[in-house]
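Below is one structure, written out as structure tokens, with a few remarks after it.
The values are calculated or read from the model by the stated rules, or taken from the named source; none is laboratory data. Everything quoted here is computed from the prediction, not taken from an experiment. FYI the Cβ positions are ideal-geometry reconstructions off the backbone, even for glycines, and counts take in every protein chain you see. Please note that ligands, DNA and RNA were not included when accessible areas were found on the heavy atoms of the full protein model with its side chains. Shrake-Rupley method; radii C 1.70, N 1.55, O 1.52, S 1.80 Å.
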Amino acid sequence: MRNAMLQLCLVVIGVTSIHAVKLLQTSSFHVRLLPARGVGKVWAIQGSDSVEMTNVNDEYYLRSINPGHWQVLVLPKEPYCTARLEVTDMKPGTDRDLGEIRLQTRAEGITVRDDVLHRAR
């Protein structure tokens, strides 16, 4: 009986160690989006894989990701424009704050040259 308990403890320690090493090799990142009411869905994309990011108090998180190149795609509600952010060089075992993305309305996203504006009047 004592030998069985010892073997069980060793198995539990081994499994825990394997999972701890895997957690040390994964990365995560988070981003704040303003205005929060304008956000529809936020996706993280790596190659052909995509994962919807988790919203916690108007901050979007993605945990336990593979290191490498990622993109953050924001699909907003009307009247805001889609936003995309490149996340390069995610290293193993890092938690990265991507800062803040301010969503622009469709009117803010349109630039009009002065000479076109004068001709339209």
Can you work out which of the residues in the range 1-42 that are β-branched (Val, Ile, Thr), within 30 Å of Thr82 (Cβ to Cβ) and at pLDDT 80 or above is surrounded by the fewest Cβ atoms within 10 Å (Cβ to Cβ)? Val39
Select from the range 54-65 the residues that are at pLDDT 90 or above and hydroxyl-bearing (Ser, Thr, Tyr) and write down the one among them that is surrounded by the most Cβ atoms within 10 Å (Cβ to Cβ). Tyr60
So, in the range 69-93, how many residues would count as being assigned to a loop (DSSP other than H, G, I, E, B), of a type outside the set (A, V, I, L, M, F, W, C) and either closer than 17 Å to Lys41 by Cβ or at pLDDT 90 or above (or both)? 4
Pairs only if they're at least six apart or on different chains, beta carbon under 8 angstrom, first in the range 79-91 and without any contact (Cβ under 8 Å) to a residue 12 or more places away in the chain, second polar (S, T, N, Q) and assigned to a strand (DSSP E or B); list them, first residue then second. none
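One line per residue, one yes/no per condition, for (1) open to solvent by 80 Å² or more (accessible area, probe 1.4 Å); (2) touching a strand residue (DSSP E or B) at 6+ places or on another chain (Cβ under 6 Å); (3) among the aromatic types (Phe, Trp, Tyr):
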{"residue": "Ser48", "(1), (2), (3)": "yes, no, no"}
{"residue": "Val51", "(1), (2), (3)": "no, yes, no"}
{"residue": "Pro67", "(1), (2), (3)": "no, yes, no"}
{"residue": "Glu78", "(1), (2), (3)": "yes, no, no"}
{"residue": "Arg84", "(1), (2), (3)": "yes, yes, no"}
{"residue": "Thr88", "(1), (2), (3)": "no, yes, no"}
{"residue": "Lys91", "(1), (2), (3)": "yes, no, no"}
